[in-house]
Amino acid sequence: MNIILLGPPGAGKGTLSSKIIDRLGAVQIATGDIFRYNISNKTELGMKAKSYMDRGDLVPDELTIDLVWDAFDKVEDREERIVLFDGFPRNLDQAKALDKGMAERNTEVGKVVYFDVADNILIERITGRRVCPDCGATYHITNSKPSKEGVCDKCGGELIQRNDDNEETVKNRISVYNDFTSPLIDYYKKAGKLIKIDGAKTPEEVFNEFNDKLGK
Ligand code: AP5
Ligand code: ZN
């Protein structure tokens, strides 16, 4: 089943993705991760995307939509497993492009998981986030500390703060979300695909709520 994770920056999309991948064998297509991979490898796409990401603006659709299909078309056994879209679509044009491309592939968006979280929680989560550039693991300076400060538990890599995780950029990311991405809540509600989750709960509770609601 194709599942979209829809929510503001810091809502916990990446955190829930990791649990669904580990426990339900899902595969993930995370556009932000694909862009960051391209930036660290200094590809042409990375060079083009960087300034938008550093400001917290959306990367233009013409750089985004094709890479989603490249990734989706490489997923093996995709009809039998969960394919998670994390961070895509982020505006109405992307949502329409997704519907069209899915129809061309004789499949569809199954469910859309919407994370409901207040802005003050988002800012606290994002400014306190630390990530491992080597394995992608995510931590938080108070909510989810590594056993040794600054070091990844999974691979021993040195934890860093993302370039766009400062307060000023986060505020712009939240406003971009409100202007361009939040209309998708209604779009998918009307399509009867929306599942609303209380993203302010603990990561384990969020996973349980996802699992319960998906089963219904
Ligand atoms: P992207 O990488 O997608 O970032 P985002 O949407 O801003 O989301 P985040 O990764 O910040 O948050 P998250 O919801 O995954 O939270 P997480 O689980 O890590 O996009 C970055 C940029 O790329 C965009 O600004 C844009 O420029 C570009 N881009 C990407 N996709 C695009 C597209 N489709 N079109 C155009 N441009 C695009 O959690 C955050 C923190 O909180 C962590 O520290 C975590 O430990 C903690 N936490 C998580 N859940 C909980 C919980 N339940 N309780 C307590 N703490 C928690
Ligand atoms: Zn690591």
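Please treat every number below as a calculation from the coordinates, not as lab data. Fair warning: this is a prediction, and the values are worked out from it, not measured in the lab. All Cβ positions, glycine included, derive from the backbone under ideal geometry; neighbour counts span all protein chains shown.
Here are the numbers:
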| quantity | calculated |
| --- | --- |
| Lys, Arg +1 and Asp, Glu -1 on Cβ, resulting dipole of the chain about Cα centre, debye, nearest 20 | 280 debye |
| Built amide H within the under 5 Å cut-off of Asp153, gap 5+ | Ser147 |
| Amide H within-cut-off set for Arg90, under 5 Å, with H built and near neighbours excluded | Ala95 |
| Local electrostatic count, Leu5, Cβ distance below 9 Å [Lys/Arg +1, Asp/Glu -1] | 0 |
| Rounded to whole Hz, the Karplus (6.51, -1.76, 1.60) HN-Hα couplings of segment 83-93, x for glycine and proline | 10, 9, 9, 10, x, 9, x, 10, 7, 5, 5 |
| Spatial separation of Cα centroids for segment 17-35 and segment 201-215, in angstrom | 16 Å |
| Whole-Hz couplings from phi, Karplus 6.51/-1.76/1.60, listed for segment 34-42; x for Gly and Pro | 5, 5, 5, 4, 5, 5, 5, 9, 6 |
| Shape category assigned to segment 96-216 from the gyration tensor of Cα positions, a/c cut at 1.5 | prolate |
| Whole-Hz ³J(HN,Hα) from phi, Karplus 6.51 cos²θ - 1.76 cosθ + 1.60, for segment 118-123, glycine and proline x | 6, 4, 5, 5, 4, 5 |
| Cα-Cα over 28 Å, subset of Lys171/Lys201; Lys50/Lys171; Lys19/Lys145; Lys50/Lys190 | Lys50/Lys190 |
| Under 5 Å, built H, 5+ apart or other chain: amide partners of Arg130 | Tyr139, His140, Ile141 |
| Cα shape, segment 37-112, gyration tensor, a/c 1.5 rule | prolate |
| Loop-exposed GluC sites (Glu not before Pro) per DSSP, neighbour cap 11 Cβ within 10 angstrom, longest uninterrupted part of the chain | 1-75 |
| For segment 91-139: rounded, prolate or oblate by the Cα gyration tensor [a/c cutoff 1.5] | prolate |
| Total formal charge among the other residues, if their Cβ is under 9 angstrom from that of Asp116, Lys/Arg +1 and Asp/Glu -1 | 0 |
